[in-house]
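Notes for the one structure printed next.
Where a number appears in this text, it was derived from the coordinates with a stated rule and is not lab data. Since we're looking at a predicted model, the values are computed, not measured. Ideal geometry is used to build each Cβ from the backbone, glycine not excepted, and the neighbour counts take in all protein chains shown.
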Amino acid sequence: MKRLKWDELKNVWLQEIRGISFEEILEDIKNGQVIEKTEHPNQLKYPNQKVFIVNHNDYCYMVPFVEDEDEYFLKTIIPSRKATKKYLKNGG
């Protein structure tokens, strides 16, 4: 698997504001909790981004990222009621 990287200041912000960190998402990814890897839903604004949809403690988080041949650069972590309902509550 490619390396995962992120901005440490963004990670601190995520911990303080959203109560989740990139390290937690990294563990989820390592433990096979990626439900889907898809194109970013807003390709006009974010044409080079894709999104991991990750199950973290029975809730879905969208994790936008930029990919190159060596690594995934994680941009942020967004809790998603819509994805949780789609993938975890109704069985997809």
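Being over 17 Å from residue 2 (Cβ atoms), among the aromatic types (Phe, Trp, Tyr) and over 12 Å from the mean Cα position of the chain (by Cα) is a description that applies to residue 46. For residue 25, the conditions (1) over 14 Å from residue 77 (Cα atoms); (2) within 13 Å of the chain's Cα centre (by Cα) all hold with the exception of (1). The residues of segment 1-43 that are of a type outside the set (A, V, I, L, M, F, W, C), touching a strand residue (DSSP E or B) at 6+ places or on another chain (Cβ under 6 Å), under 21 Å from residue 68 (Cβ atoms) and in contact (Cβ under 8 Å) with a residue 24 or more places away in the chain, listed by number, are 2, 3, 5, 36, 40.
Taking the listed residues 46, 59, the one that is touching a residue at least 24 places away in the same chain (Cβ under 8 Å) and either exposed (fewer than 15 other Cβ atoms within 10 Å of the Cβ) or not β-branched (Val, Ile, Thr) (or both) is 59, with no other qualifying.
For residue 20, the criteria (1) surrounded by 17 or more Cβ atoms within 10 Å (Cβ to Cβ); (2) out of contact with any helix residue (DSSP H, G or I) (no Cβ under 8 Å at 6 or more places or on another chain); (3) not charged (D, E, K, R) hold in every case but one, which is (2).
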